[in-house]
Amino acid sequence: MGTIASDKNVIKLFYNSKAINDNEAKVYFSSSDKKILAIDTAKEEITPTQWSQLLEGLAKEPLDLIDKNHASLKKMDVTLDGSFSMEDWLKIITNNPEIIIGVIALIGEKYLYFKTPKAIIEFIANDADSAYDKRN
């Protein structure tokens, strides 16, 4: 996988199948009218370049998306004091995608981050309301 291509008719969902909330998020997105392309970060390697693209699209830093208390970070003795560079974090996330909390969706050119399934329900409800308003 090189850089991440976008398509306005497809939801690219980056999720981890080993996380219960992420699986629930995938189910909620499957109720969309759009085609879902689910990318399981537990099974498919996302490159540092792709993680960088996702973070840039979200306008977020790695620390915004990670579980700071995750066992994987503790095993690696990772410090959260700002001593790691962006390259360091991209390597850590690439090799340990399970530290990401929530899912990332790419819908067209729009990057969205959902920390919880509840946030997805709210997004889908609001999106349905706006689609309804456009029809009337």
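So here's what we get for this one:
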quantity	calculated
For region 94-106, Karplus couplings with θ = phi - 60° (6.51, -1.76, 1.60), whole Hz, Gly/Pro x	4, 7, 9, x, 5, 7, 6, 9, x, 10, 10, 10, 10
Residue of THR116, THR41, THR79 that the Gaussian network model of the chain assigns the largest fluctuation, springs spanning Cα pairs under 10 Å	THR79
Integer Hz, Karplus 6.51/-1.76/1.60 couplings in order for region 112-123, x for Gly and Pro	10, 10, 10, 6, 9, x, 4, 4, 5, 4, 5, 4
Fluctuation leader among LEU90, LEU13, LEU37 - the chain, Gaussian network, Cα springs under 10 angstrom	LEU37
Set of lysines with alpha-carbon distance to LYS68 below 25 Å, sequence-local pairs under 8 removed	LYS18, LYS26, LYS43, LYS60, LYS91, LYS115, LYS118
Proxy reagent accessibility, fewest Cβ within 10 Å first, across VAL103, VAL27	VAL27, VAL103
Where Rh is the Kirkwood radius over Cα pairs, Rg/Rh for region 10-135	1.00
Computed lengthening from THR79 to ASP67, 0.36 nm per intervening residue step minus Cα-Cα distance	3.1 nm
Value at 222 nm in deg cm²/dmol, rounded to 500, when DSSP H runs of n ≥ 4 in the chain each add -39,500 (n - 2.57)	-13000 deg cm²/dmol
Simple spin-label estimate for SER17 and SER32 in nanometres, 7 Å along Cα-Cβ	2.0
GluC sites (Glu not before Pro) within region 47-136, DSSP loop, no more than 12 other Cβ atoms inside 10 Å	GLU109
C-alpha center-to-center spacing [region 60-99, region 8-33] in angstrom	23
Antiparallel bridges, percent of DSSP beta bridges restricted to region 10-135 (to nearest 5)	60
Label point distance in nm, ALA5-PHE123, each placed 7 Å from Cα along Cα→Cβ	2.2
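Only the coordinates and a few stated rules stand behind these numbers; no lab work does. If you're wondering where the values come from, they're calculated on a predicted model, not measured in any experiment. Cβ atoms come from the backbone with ideal geometry, glycine included; neighbour counts cover every protein chain shown.
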